[in-house]
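Worksheet: one structure, shown below.
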Amino acid sequence: KPVDLGVINELTAAHSELSLVSSTIARFKMYILRSGIEIKARDSKTYTFDMGNTNDRVLYEQELYPAIVQMVHEWLLYGFTCVSVAPSQLVDGALTLVVLPLEKLTVTMTLNECFQREYDVQLADGTATAIKTKHVIDTAQFLCMTPPDIDGKPMSSVALALPALHQY
């Protein structure tokens, strides 16, 4: 089943049109991120950034931290986010985290033989002309805080409150 982009559009509209939603999301983000972030790789290596080093500071402040803020935003609003790794636009030779725009993607959810959810991420139009674009899509990860339901509908707290928010 594809993840329902119609509900994502409704959630985005609720966030932009209702101060109740946007202020609640902002407060949760502030609460979650107040202690800063720590980046660990799968091998348990922790990456630290030397804020005295211009390249480290620029990579952290202008690319990594904003991407993580966007990830948290989407986790709170939708229950999930889609990320990948791409070359930095600001620091030569560095890699950075990219939050992929959900409206440009088709995310399909299936159950494997053990009834575990698996997600396949593709470009919505199906064409990836640039090699870099293909790599970003091929390495994309669909990360769930609250997975969509079996029909692909978002199940975040905000999504569950949509009927009441429409009345509000």
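Of all residues in segment 83-104, those that are part of a loop (DSSP other than H, G, I, E, B) and either open to solvent by less than 70 Å² (accessible area, probe 1.4 Å) or closer than 18 Å to Asp138 by Cβ (or both) total 5.
Of the residues making up segment 140-168, just one is over 24 Å from Glu17 (Cβ atoms) and without any contact (Cβ under 8 Å) to a residue 40 or more places away in the chain, namely Asp149.
Residue selection: Val107 satisfies the criterion of being at pLDDT 90 or above, of a type in the set (Val, Ile, Thr), assigned to a strand (DSSP E or B) and surrounded by 14 or more Cβ atoms within 10 Å (Cβ to Cβ).
For segment 40-64, name all the residues that are surrounded by 16 or more Cβ atoms within 10 Å (Cβ to Cβ) and either charged (D, E, K, R) or under 16 Å from Phe28 (Cα atoms) (or both). Selection gives Asp56, Glu63. Mind checking which residues of segment 85-110 are more than 18 Å from the chain's Cα centre (by Cα) and farther than 16 Å from Lys132 by Cα? Within segment 85-110, Leu90, Val91, Thr110 qualify. Scanning segment 135-157 for residues that are open to solvent by 80 Å² or more (accessible area, probe 1.4 Å) and under 18 Å from the mean Cα position of the chain (by Cα) turns up His135, Asp138, Gln141, Met145, Lys153, Ser157.
The values are calculated or read from the model by the stated rules, or taken from the named source; none is laboratory data. Since the model is a prediction, treat every value here as computed from it, not as a measurement. Glycine also receives a Cβ, built like all others from the backbone with ideal geometry; neighbour counts cover every protein chain displayed. Protein only, heavy atoms only, side chains kept; ligands, DNA and RNA dropped before computing areas. Shrake-Rupley method; radii C 1.70, N 1.55, O 1.52, S 1.80 Å.
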